[in-house]
Amino acid sequence: MKRLFHIIRDVIVVAIVAMLATLVVGLCTMQFDGITTPSGAYTDFGFMATYFFSMLLIYLIVTRYERSSYKIIIPISHRRAGFDPTTILWGVILLIAMSIALMPLAEHLPADDRTFHNGEWTLLTTVVLAPIFEEYIFRGRLISLFQHNMPPSIAVLLAATVFAFSHGINVVTLSAFVSGIVFGYAYLLRRSIIAPIILHMCNNAIAYALIVLSYQDKPLEEILDSSVSYTSIYIAASAIIVIGIVHIIYTLRRADREARAITIESETPAQESVQASSNHNGMNGAE
């Protein structure tokens with residue numbers, strides 16, 4: 001029950017921090033020229049600047065919160081294994097397959113009513129800054145934060161859920177949840193934040209290209225203009241997803257086993273110390 005309380009508290013704190021940081025940074029940046037247009041909308045540069053400082057503030061506060069609440073934080077790994085091209089290619093294929101499979105369901109969800117600029121600052125934010133900041137926050141810090149009260153597998157799922165709802169409640173929510181699981185899977189698989197960052201960059205680059213080309217709201221059948229091709233692609237995507245789910249489950253379960261082993265190893269010295277103290281006291285009593 002105590003762990004459940006801590007989990008709920010952590011999620012609420014993260015949500016409040018995100019909202020307040022976005023609000024405070026938004027109010028501050030509006031005081032500078034070039035951030036908003038006369039109508040109040042963000043300029044291309046204003047969008048980038050507001051996003052950058054909002055995410056930086058969120059990261060710093062969440063890191064400080066974890067340190068003050070649990071006295072220790074799990075360091076974010078930057079192992080070179082995160083650059084593994086096989087993992088990146090497999091992750092991109094898996095993301096595309098899941099997007100194809102989710103298309104029929106996505107048609108019944110509210111559309112994303114956000115407007116995007118086509119400028120270079122928005123491109124930089126979407127393809128570079130967002131993947132870096134969001135992976136450091138959602139995979140790096142949140143998975144670490146949640147692991148204080150749950151196994152890594154559940155921490156990945158909860159971080160993906162928070163990541164999904166941070167995009168609002170619309171068609172993007174579903175795809176963000178699925179993507180969040182894949183990013184978390186890549187993080188645990190390669191034990192490096194580099195892998196999910198690169199995957200996130202590829203995912204956002206593809207999504208941004210579809211928006212620029214006005215393909216984001218079109219069904220796959222219309223893009224391909226062939227029902228036979230669509231059926232074949234959907235079957236192939238389903239097969240890829242099945243393989244992906246099996247390997248994701250395997251990776252998450254392996255992470256859970258490793259976490260339990262580390263916990264047991266950390267507790268063993270303390271138990272041995274207690275046992276040694278008990279034996280010592282017993283010997284003293286016998287004397």
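Readers should treat all values here as calculations from the given coordinates under stated rules, not as data from a laboratory. Nothing here was measured: the structure is a model prediction, and the numbers come from that model. Don't worry about glycine lacking a Cβ; one is built from the backbone with ideal geometry, like all the others, and counts go over all protein chains shown.
Taking each full run of DSSP H in the chain as one helix, which ones are at least 24 Å long along their axis (Cα atoms) and have mean Kyte-Doolittle hydropathy of at least 0.5? Result, helices passing both filters: 2-29, 44-70, 85-106, 171-190, 194-212.
Summing Lys, Arg as +1 and Asp, Glu as -1, what charge do residues with Cβ under 15 Å from the Cβ of P196 carry, P196 excluded? Walk me through the numbers on the way to the answer.
Values: positive: R79, R80, R139, R141, R190, R191; negative: D84, E134, E135.
Every neighbour counted, the sum reads +3.
Give the calculated FRET efficiency between V92 and R253 to the nearest 0.05, with a Förster radius of 35 Å applied to their Cβ-Cβ distance. Provide the component values of the computation, followed by the final result.
Values: r = 24 Å, r/R0 = 0.68.
About 0.90, to the nearest 0.05.
Please rank F146, F133, F183, fewest neighbouring Cβ atoms within 10 Å first, as an exposure proxy.
Working: F146 24, F133 21, F183 28.
Least crowded to most crowded, the residues run F133, F146, F183.
Which net charge results when you count Lys and Arg as +1 and Asp and Glu as -1 among the other residues whose beta-carbon is under 12 Å from that of I58? It works out to a net charge of +1. Size estimate for the chain follows the Kirkwood approach: the inverse of mean 1/r over distinct Cα pairs works out to 21.2 Å.
Counting charges near G82 (Lys, Arg +1; Asp, Glu -1) among other residues having Cβ under 12 Å from its Cβ returns a value of +3.
Taking trypsin sites (Lys or Arg not before Pro) that fall in a DSSP loop and have at most 12 other Cβ atoms within 10 Å as cut points, what is the longest piece of the chain between them? Can you show the working numbers first?
Values: sites that count: K71, R114.
With trypsin sites (Lys or Arg not before Pro) excluded where exposed in loops, the chain gives 115-287 as its longest stretch.
May I ask you to derive the relative contact order of the chain, considering only C-alpha pairs under 8 Å and at least 6 residues apart, and to give it as an integer percent?
Details: 276 pairs, mean separation 63.7, N = 287.
Across the chain, relative contact order equals 22 percent.
Going by a ≥ b ≥ c, the root eigenvalues of the Cα gyration tensor, does the range 1-146 fall in the rounded group (a/c under 1.5), the prolate group (a/b larger than b/c) or the oblate group? Taking the square roots of the gyration eigenvalues as a ≥ b ≥ c, the range 1-146 is oblate.
Just checking the listed ones, P131, P110, P196: in the Gaussian network model of the chain with Cα springs under 10 Å, the one fluctuating most is P110.
Fewest neighbouring Cβ atoms within 10 Å first, the residues V242, V92 line up as V242, V92.
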